[in-house]
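Each remark here refers to the structure printed beneath this line.
The values are calculated or read from the model by the stated rules, or taken from the named source; none is laboratory data. Bear in mind the structure is a predicted one, so any value in this text is a computation, not a measurement. Heads up, the Cβs are rebuilt from the backbone with ideal geometry, glycines too, and the neighbour counts pull from every protein chain shown. Areas reflect the complete protein model, heavy atoms only, side chains present, ligands, DNA and RNA absent. Shrake-Rupley method; radii C 1.70, N 1.55, O 1.52, S 1.80 Å.
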There are 2 protein chains.
Amino acid sequence: MADGGTKTGAGRVTIRTVAEDAGVSVAAVSKVMRNAYGVSEALRLKVEASIARLGYRPSVAARGMRGQTFTLGVLLVGIDNPILPLIYGGIEGVAEAAGYKIMVGVGAARMQTEARLIEQMLDNRMDGLILVASRIAGDVLERYARQIPIVVVGHHEPSARHFDTVNNDDRQGARIAVGALIDAGHRDIAMLALPHPEDHQANVSPQRERGYREAMAAAGLSSFARIVHMPQPEVPRHAEMTALLSGPDRPRAVFCWSDLDAIPLINVAHELGLRVPADVAVVGYDNSQVAAMPVVGLTSVDQDARGLGEAAARALLSRIGGRSEVSHVILHPRLVCRTSHR
Amino acid sequence: MADGGTKTGAGRVTIRTVAEDAGVSVAAVSKVMRNAYGVSEALRLKVEASIARLGYRPSVAARGMRGQTFTLGVLLVGIDNPILPLIYGGIEGVAEAAGYKIMVGVGAARMQTEARLIEQMLDNRMDGLILVASRIAGDVLERYARQIPIVVVGHHEPSARHFDTVNNDDRQGARIAVGALIDAGHRDIAMLALPHPEDHQANVSPQRERGYREAMAAAGLSSFARIVHMPQPEVPRHAEMTALLSGPDRPRAVFCWSDLDAIPLINVAHELGLRVPADVAVVGYDNSQVAAMPVVGLTSVDQDARGLGEAAARALLSRIGGRSEVSHVILHPRLVCRTSHR
DNA sequence: TGATTTACGTAGAACGGTGCACGAAGCCGC
DNA sequence: GCGGCTTCGTGCACCGTTCTACGTAAATCA
């Protein structure tokens with residue numbers, strides 16, 4: 001009801017329409033919208049009544065030219081990793097409660113695409129940016145961070161000075177996962193990791209590799225430790241996985257850097273006629289929805305994805321609010337036990 | 001290289017900076033950017049050189065106030081349905097090739113959230129909108145369509161006059177799926193559908209129900225036909241599925257409206273100790289990635305999600321380009337056979 | 001009561017582009 | 001050598017907000 005007749009050009013209801021309708025100045029309406037200082041109760045009520053009656057909605061474009069857009073940009077590396085919806089949900093919850101909108105940018109994991117997306121967010125005058133599992137190097141981010149508040153999720157940059165980071169403790173998560181396999185009696189435990197990245201310690205996979213090595217060393221199993229690096233994320237990993245599980249030195253247990261690889265690995269085992277966990281035990285990372293399915297039953301490290309999203313949004317809002325000291329948040333992961341590891 | 005020093009406020013490089021650098025007027029630069037009529041080769045080269053040298057990027061906000069933003073809004077019902085990345089990929093490919101950016105809005109399947117997102121896209125001055133699997137009623141869409149070009153994917157509105165639709169033939173897809181079950185020798189074939197929607201024929205589930213009934217009737221199996229409507233999408237469907245598969249009148253085969261329900265159903269069967277397909281055969285819809293996993297092996301209808309996205313983007317661009325006659329595209333689905341149906 | 005502060009409201013200049021109306025050439029034919 | 005037509009390029013009025021500076025009325029203090 002009260003359609004407002006918001007047709008482009010013609011009868012579009014702008015801040016001026018509201019001002020006339022309420023019999024006040026344009027600036028007064030603007031003040032009410034931003035609930036700025038210096039507006040009486042009477043004025044506020046009058047203006048709010050007009051806004052409601054006319055169905056006025058401020059133009060983000062016009063806003064962006066001078067002030068804030070009240071919109072946060074969220075960059076997702078891809079849309080297919082099942083952990084992203086959870087992180088996104090956390091971000092959205094906090095942002096919405098604070099009156100902020102979200103604009104999502106979806107980029108393949110290629111660095112060039114990501115940089116393009118950041119520029120695009122800049123062009124669109126976002127108030128701040130959250131990058132989820134970005135591959136962009138720290139110094140590049142520092143440069144962008146001078147132009148816009150940035151929070152990075154799933155990317156370790158503990159020495160960053162101009163942008164914040166939010167992560168789970170990937171080393172600890174890996175230690176817990178490997179510990180569970182050791183407790184279950186396994187000794188010959190391999191790890192499946194991402195291809196070796198250039199920017200070594202920033203990404204999550206290398207962090208989990210460190211935790212893996214530490215746990216193996218602590219149990220005196222360093223001689224069994226071996227890390228298998230998968231090929232590029234694009235190409236199918238089927239052949240490598242088959243090779244790993246069908247060779248003569250097949251490991252008795254595998255810790256995977258992510259469910260994204262653990263679940264295909266279980267499938268390969270199934271194809272080869274290997275029983276999980278009797279012939280090969282598997283633990284993953286991320287506790288994705290598919291992992292929870294009974295036919296999969298994957299034991300996996302839960303990094304509280306929603307909590308990550310919430311922490312990231314809170315950090316970004318406080319930065320937009322003026323904070324300038326850096327903040328690096330670390331959440332603690334926990335293991336969710338199912339049938340695949342013992 | 002050539003960082004451009006794009007700091008907010010201070011040295012930001014605007015269209016004016018470029019104009020000065022190239023020694024031409026602001027309007028001339030604007031013309032070059034939009035490659036508008038009336039600009040000589042010499043001028044264009046001069047301006048383009050300056051743009052490249054300064055690293056100039058036009059402000060979307062400022063653009064949106066008068067002209068186009070060259071940005072398309074894409075509304076996804078949620079971020080977790082595995083078919084969405086494919087549709088999105090199709091949209092993106094076509095849009096990018098045409099020089100358009102994409103802004104994604106993610107909304108839970110609640111109608112109110114969706115309407116809010118459309119308004120948000122309007123506020124952001126998108127040039128056009130693609131709604132994927134929206135639940136919004138046709139007449140509401142017609143109203144929005146007067147304000148902005150709209151294309152709807154996965155929502156049948158064959159009589160819509162002011163917005164376009166792109167769909168696969170859901171009736172035909174259902175007939176193919178049921179036909180495969182009949183060919184495999186099944187007679188007692190049930191269908192798992194969404195809860196009864198208010199807006200009956202627009203959503204995909206009712207369309208697939210029609211196809212199911214037609215196929216059963218054509219095979220003289222109408223007496224076996226029964227459609228089980230699941231509860232709301234939010235609540236867990238586990239109890240209903242368990243009831244369906246453990247009752248005395250357990251069906252021998254089930255056609256599911258979507259892999260989203262077919263995969264949980266396979267898991268429930270697994271929990272109950274039922275073998276698939278020996279004890280109960282299953283066919284899904286969407287041919288999602290999880291369906292293709294060997295441990296799942298779900299036979300499913302493939303609706304060429306990428307093709308849907310591409311067709312939608314093409315339709316939207318042609319509407320933005322001025323087309324006013326309505327266009328309703330229908331793609332043909334095909335069955336991907338795996339182990340779950342025979 | 002007069003001086004000083006405080007609270008409220010307003011006018012008008014930005015912000016960074018677009019698009020219209022117009023003027024200056026250059027080219028033509030006669 | 002003078003109208004008429006194109007082809008280019010420019011000046012300027014917008015678009016819908018925010019924000020600074022300022023004026024005025026009410027409240028507080030000496």
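Residues in the range A:104-133 that are within 15 Å of residue A:149 (Cβ to Cβ) and over 14 Å from the mean Cα position of the chain (by Cα): A:118, A:121, A:122, A:124, A:125, A:126, A:127, A:128.
Checking each residue in the range B:17-29 for being buried (at least 18 other Cβ atoms within 10 Å of the Cβ) and within 12 Å of DNA strand D (Cβ to nearest atom) picks out B:18, B:19, B:22, B:24, B:28, B:29.
Against the list (1) within 14 Å of another protein chain (Cβ to nearest Cβ); (2) surrounded by fewer than 15 Cβ atoms within 10 Å (Cβ to Cβ); (3) among the hydroxyl-bearing types (Ser, Thr, Tyr), the condition residue B:246 fails is (1). The range A:41-101 holds helices (runs of 4 or more DSSP H) entirely within its bounds, and those carrying 2 or more residues that are more than 12 Å from DNA strand D (Cβ to nearest atom) and modelled with pLDDT of 95 or more map to A:41-54, A:84-97. Inside the range A:41-97, residues that are without any contact (Cβ under 8 Å) to a residue 24 or more places away in the chain, within 30 Å of residue A:292 (Cα to Cα) and surrounded by 15 or more Cβ atoms within 10 Å (Cβ to Cβ) make up a count of 2.
Screening the range A:254-342 for helices (runs of 4 or more DSSP H) wholly inside it with 3 or more residues that are open to solvent by 10 Å² or more (accessible area, probe 1.4 Å), among the β-branched types (Val, Ile, Thr) and in contact with a Gly (Cβ under 8 Å, 6 or more places away or on another chain) returns no ranges. Scanning the range B:114-168 for residues being surrounded by fewer than 18 Cβ atoms within 10 Å (Cβ to Cβ) and of a type in the set (S, T, N, Q) gives a total of 2.
Within the range B:224-249, the set of residues being at pLDDT below 95 and either in contact with a Lys or Arg (Cβ under 6 Å, 6 or more places away or on another chain) or in a loop (DSSP other than H, G, I, E, B) (or both) comprises B:230, B:231, B:232, B:233, B:234, B:235, B:236, B:237, B:247, B:248, B:249. Of all residues in the range B:109-122, none satisfies being modelled with pLDDT of 95 or more, in contact with a Phe, Trp or Tyr (Cβ under 9 Å, 6 or more places away or on another chain) and not in a loop (DSSP other than H, G, I, E, B).
Condition check ((1) within 12 Å of chain A (Cβ to nearest Cβ); (2) not β-branched (Val, Ile, Thr)) across all residues:
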| site | (1), (2) |
| --- | --- |
| B:251 | no, yes |
| B:263 | yes, no |
| B:267 | yes, yes |
| B:271 | yes, yes |
| B:277 | no, yes |
| B:291 | yes, yes |
| B:299 | no, no |
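Going by what's in this entry, would residue B:37 be described as open to solvent by 50 Å² or more (accessible area, probe 1.4 Å) and in a loop (DSSP other than H, G, I, E, B)? It is true that residue B:37 is open to solvent by 50 Å² or more (accessible area, probe 1.4 Å) and in a loop (DSSP other than H, G, I, E, B).
To keep it simple, each residue is scored yes or no on (1) within 12 Å of DNA strand C (Cβ to nearest atom); (2) within 14 Å of another protein chain (Cβ to nearest Cβ).
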residue	(1), (2)
A:27	yes, no
A:31	yes, no
A:39	yes, no
A:49	no, no
A:67	yes, yes
A:91	no, yes
